[in-house]
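Remarks on the structure that follows.
The values are calculated or read from the model by the stated rules, or taken from the named source; none is laboratory data. Since the model is a prediction, treat every value here as computed from it, not as a measurement. No Cβ is skipped: glycine too gets one built from the backbone with ideal geometry, and neighbour counts run over all protein chains shown. For the accessible areas, the whole protein counts, side chains as well, though only heavy atoms, and no ligand, DNA or RNA atoms are used. Shrake-Rupley method; radii C 1.70, N 1.55, O 1.52, S 1.80 Å.
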Amino acid sequence: YETGKANLVKELRFSGHAAAKVDGRVEVSTRERTARVVYEVEPGPIYRLGKITVKGQGALPAAPIAAAANLATGDRYDPKALGEAQGEVYAMGAFSAAQIHETVRPEARVVDIEIQVTPLDPNALRLSVGVMSGAIQRTSTSELRSVPQWDVHLVASYERRHLFGSLARVRIE
């Protein structure tokens, strides 16, 4: 019953009804061995996106972050689009976290959006080591033969992010 109510709210939100409400009741008759589930649905109006802000970026510019989110004031409210926007901001590669917070304003029928980001450390040093040895299997005879060859890998990289207060970065490997 509770899952059903939550699913109804979720579907209504995907249709743009940001303030949808679902209540209900369950009537059980033990004598007749029946149950009746009643949902009372208030979809409310379709909401639009209101003010869109970026927080937590520090000295980094907010405009490219907002542009990556691809959200605009006046767009129809769509939780799916908000999830995609969050993923696009995170995919910029400059942040350790990107979250989208919603503030519903029923009087204006809008949902204000706050894009909260946490910048990565500007310096990243990575070292990795790998060792590999091999065996050869002949396809014609299925003979397996050990190969006395070893391969040792050492990879090092340095990345400097947020160059000159921008989202630019340089990587040396």
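Here are the numbers:
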{"item": "Accessible surface of the chain, 1.4 Å probe, proportion on carbon and sulfur as whole %", "result": "52 percent"}
{"item": "Å² per residue, accessible surface of the chain at 1.4 Å", "result": "68 Å²"}
{"item": "Test item: Cα-centred dipole of segment 17-154, Lys/Arg +1 and Asp/Glu -1 on Cβ, debye", "result": "240 debye"}
{"item": "Segment 72-172: GluC sites (Glu not before Pro) in DSSP coil with no more than 16 other Cβ atoms inside 10 Å", "result": "Glu107, Glu143"}
{"item": "Trypsin sites (Lys or Arg not before Pro) within segment 89-173, DSSP loop, no more than 16 other Cβ atoms inside 10 Å", "result": "Arg109, Arg138"}
{"item": "Area accessible to solvent at Tyr1, 1.4 Å probe radius, in Å²", "result": "80 Å²"}
